[in-house]
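Below is one structure, written out as structure tokens; comments come after it.
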Amino acid sequence: MSSMVPDQYQSASEIAELVTTGEISAIEILERHLNHIEQYEKDVHAFNLVTIDEARAAAEETDKLIAKGERVGPLAGVPVAVKDNLCTEGIPTTASSKILEGWKPPYDATVVKKLKEAGATIVGKTNLDEFAMGSSTENSAFGPTRNPHDLSCVPGGSSGGSAAAVAAGFAPIAIGSDTGGSIRQPASLCGVVGVKPTYGGVSRYGLLAFASSLDQVGPFATSVKDAAIVHEVIGGYDPLDSTSIKQTSNSFLEVLDKDISTLKVGVISELMGGIDGITREVIEQANKAVSVLSAAGAQVEEISLPAALYCLSAYYLIAPAEASSNLSRYDGVRYGLRIDGANLNEMNVNTRTEGFGDEVKRRIMLGTYALSAGYYDAYYGKALKVRRLLAENFAALYKEYDVLLSPTSPCTAFKLGEKVSDPMTMYVNDVCTIPSNLVGHPAISIPFGHGQDGMPIGVQILAPPMKEPVMYQVAHTLEMAAQ
Ligand code: GLN
């Protein structure tokens, strides 16, 4: 097995501390990471673009501020990799699609702006499944990303480039988006921490929309604490995002070290063997996590989330339905690629035929079909009923339980090419992660042991909306035991 994973990670909080106190410069930190990228990126392909010049300018700016004794943010000098479906001003943003070739956004996404304000050094744009549709990063128009733990395996997806960048030590922090599991599943497969925040908790202004009622932006990190720090930085109300929540507090760190002996944890039986396709070794690790929480004094009980059985089907109607509408804007007129034709309609058709990959086309067709007159009630309408049922299931459970637990991914990282020709098998990857997206709740994946193949396994902690503190608290307890 050819591993590209460093023996030890340097945490973002440690880097920020060293840079802020002047013990090391931001530029030194950056150069160290750029060297590492230069050495291993050709094998991993985590990035669509490494923004060397802009990163150097940003790091130098941070060093100047520190030299002048000015205040710098909590991510001073921390290299951050950003998924290539988040807008970066003047820097190509492709969503790993040919259709956006040559397009440079005129503005930064709010999360990018906030990261810069916090002193972070943006090092580049990471690879993804085209328009975030996929679970392996093999649907990228620019070639797949490989898992740094074993280059013959996928990193998961769709934020595979972000997960791989953190796992390979290219950056201690990366940003991804999660519509059905695209942060948590690759985090699980790459052995890093990944968080999907509460819907509306992190601004999506400047995120290229896939399925607007599900999309959330969140962090990847090598520790729960780092993820919480970044979440604090990127979270909060944004008037530029109409779905943004006007929350009062955004502090996730305070309770991190608090003991969990007063908490009640529900273990989702449907995802622990109730539904087919979740491997035994993954369930075993989740059971070990359960033992850790019990030993720490939490009250742990098996519970049922009956609607979980229908989530995958509902998601694969709702997400494509919204995607078919969101992606209609890529028409050859407003952005990137244009393939001419005899008239406007032909130009639209030529551009979309040439510009979109197979999976994106599959979703547009599925979504258009599900929304068409006569089928709407049977498909889209029914999917919404499942969503409602699921919300009721969760609400009832959270009257009694503080958090829920399940595996993150049904299996460890699979081989490149193994599932790419069978969309249904690929879709099953999301069975444990989709429920949180459908109801807009937060969830975290943390590395917890390894499979027979030596590849990382992740455990997922789900929490009620806006209850990230307790989610981080429980995840931190597990993290301590996993080390
Ligand atoms: N794998 C899921 C899909 O293909 C989820 C993707 C995501 O979360 N962006 O739709």
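Checked against (1) under 26 Å from Tyr310 (Cβ atoms); (2) open to solvent by less than 30 Å² (accessible area, probe 1.4 Å), Met466 passes all but a single condition, namely (2). Scan segment 147-165 and tell me whether some residue there is farther than 16 Å from Ala413 by Cα, more than 17 Å from the chain's Cα centre (by Cα), open to solvent by 10 Å² or more (accessible area, probe 1.4 Å) and not basic (Lys, Arg). No, segment 147-165 contains no residue that is farther than 16 Å from Ala413 by Cα, more than 17 Å from the chain's Cα centre (by Cα), open to solvent by 10 Å² or more (accessible area, probe 1.4 Å) and not basic (Lys, Arg). Of the listed requirements (1) within 16 Å of the ligand (Cβ to nearest atom); (2) open to solvent by 10 Å² or more (accessible area, probe 1.4 Å), Ile183 misses just one: (2).
Remark: pairs (first residue in segment 320-340, without any contact (Cβ under 8 Å) to a residue 12 or more places away in the chain; second residue hydroxyl-bearing (Ser, Thr, Tyr) and assigned to a loop (DSSP other than H, G, I, E, B); Cβ separation under 8 Å; 6+ apart in sequence or on different chains) = Arg329/Tyr335.
Listed by first and then second residue, the pairs with beta-carbon distance under 8 Å, at least 6 apart or on different chains, first residue in segment 20-47 and of a type in the set (S, T, N, Q), second surrounded by fewer than 23 Cβ atoms within 10 Å (Cβ to Cβ) and not in a helix (DSSP H, G or I), are Thr20/Val72. The residues on offer are Asn345, Asn350, and the sole one that is in contact with a Lys or Arg (Cβ under 9 Å, 6 or more places away or on another chain) and more than 16 Å from the ligand (Cβ to nearest atom) is Asn350.
The residue that is nearest to the chain's Cα centre (by Cα), among those in segment 422-447 that are open to solvent by 10 Å² or more (accessible area, probe 1.4 Å) and over 26 Å from Thr243 (Cβ atoms), is Pro447. Can you confirm whether Arg334 is out of contact with any Ser or Thr (no Cβ under 9 Å at 6 or more places or on another chain) and over 25 Å from Gly181 (Cα atoms)? It is true that Arg334 is out of contact with any Ser or Thr (no Cβ under 9 Å at 6 or more places or on another chain) and over 25 Å from Gly181 (Cα atoms).
Screening Thr93 with (1) over 19 Å from Ser158 (Cβ atoms); (2) polar (S, T, N, Q); (3) assigned to a loop (DSSP other than H, G, I, E, B) gives one miss only, at (1). When segment 110-143 is filtered for residues that are of a type in the set (Ser, Thr, Tyr) and either outside any loop (DSSP other than H, G, I, E, B) or open to solvent by less than 10 Å² (accessible area, probe 1.4 Å) (or both), the ones remaining, listed by number, are Thr110, Thr121, Thr126, Ser135, Ser136, Thr137. Scan segment 425-432 and give yes if some residue there is under 28 Å from Glu302 (Cβ atoms), among the aliphatic types (A, V, I, L, M) and within 16 Å of the ligand (Cβ to nearest atom), otherwise no. Looking for residues that are under 28 Å from Glu302 (Cβ atoms), among the aliphatic types (A, V, I, L, M) and within 16 Å of the ligand (Cβ to nearest atom), one finds at least one in segment 425-432, hence yes. Among the residues of segment 237-259, those identified as at pLDDT below 95 and open to solvent by less than 20 Å² (accessible area, probe 1.4 Å) are Phe252, Leu256. With respect to Ile339, determine if the residue is under 17 Å from Asp129 (Cα atoms) and open to solvent by 20 Å² or more (accessible area, probe 1.4 Å). So Ile339 does not fit the description; no. For Phe210, the stated conditions do not hold, so it cannot be described as under 19 Å from Ala413 (Cβ atoms) and modelled with pLDDT of 95 or more. For segment 121-136, the criterion of a residue being away from the ligand (no atom under 16 Å from the Cβ) and over 12 Å from Lys83 (Cβ atoms) is satisfied by at least one position. Taken over segment 1-55, the criterion of being touching a Lys or Arg at 6+ places or on another chain (Cβ under 6 Å) and either part of a loop (DSSP other than H, G, I, E, B) or open to solvent by less than 30 Å² (accessible area, probe 1.4 Å) (or both) is satisfied by Val44 alone. Annotation: of all residues in segment 385-421 being β-branched (Val, Ile, Thr) and outside any loop (DSSP other than H, G, I, E, B), the one that is surrounded by the most Cβ atoms within 10 Å (Cβ to Cβ) is Val403. Which ones in segment 290-329 are of a type in the set (D, E, K, R) and either in contact with a Leu (Cβ under 7 Å, 6 or more places away or on another chain) or more than 16 Å from the ligand (Cβ to nearest atom) (or both)? Glu301, Glu302, Arg329, listed by residue number.
The values are calculated or read from the model by the stated rules, or taken from the named source; none is laboratory data. The model shown is predicted, which means the values in this text are computed figures rather than measured ones. Don't worry about glycine lacking a Cβ; one is built from the backbone with ideal geometry, like all the others, and counts go over all protein chains shown. The accessibility values were calculated without ligands, DNA or RNA, using every heavy atom of the protein model including side chains. Shrake-Rupley method; radii C 1.70, N 1.55, O 1.52, S 1.80 Å.
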